[in-house]
1. Using the Cα centre as the reference, give the magnitude of the dipole from point charges on the C-beta atoms of the chain (Lys, Arg: +1; Asp, Glu: -1; all else neutral), rounded to the nearest 20 debye.
2. With n ≥ 4 as the cut-off for DSSP H runs, can you work out [θ] at 222 nm for the chain, using -39500 (n - 2.57) per run divided by the number of residues, rounded to the nearest 500?
3. As an exercise, identify the chymotrypsin sites (Phe, Trp or Tyr not before Pro) in segment 16-83 lying in DSSP coil whose Cβ has no more than 15 other Cβ atoms within 10 Å.
Amino acid sequence: ERPYCCSVCEKRFSNSSHLAAHIRTHTGERPYRCDICRKTFITTSALNRHQTIHTEGKRFICNYCGKTFKWMESLGRHIRSVH
């Protein structure tokens with residue numbers, strides 16, 4: 001069952017969040033921005049998938065926000081200054 005319908009193109013969706021993301025394809029809204037390269041995305045899942053390109057060779061991950069670092073010292077500095 002797909003009770004949620006796009007008012008622009010009449011495509012139907014099974015839940016409201018999928019419809020909301022689809023509507024952004026019509027409006028051009030891209031509310032999710034990569035903190036590293038500033039590229040924007042329609043969905044958080046697209047942003048998360050994109051961010052993996054920045055983690056190549058980066059082994060240290062902030063447990064608070066998921067940002068990654070090549071050096072433990074950089075992670076420590078990040079945690080002290082941001083969190």
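None of the figures in this text is laboratory data; all of them are computed from the coordinates on show. Here the structure is a predicted model, which is why all the values come from computation and not from measurement. Please note: Cβ atoms are built from the backbone with ideal geometry, for glycine as well, and neighbour counts cover all protein chains shown.
1. 260 debye
2. -11000 deg cm²/dmol
3. Answer in residue order: TYR64, TRP71.
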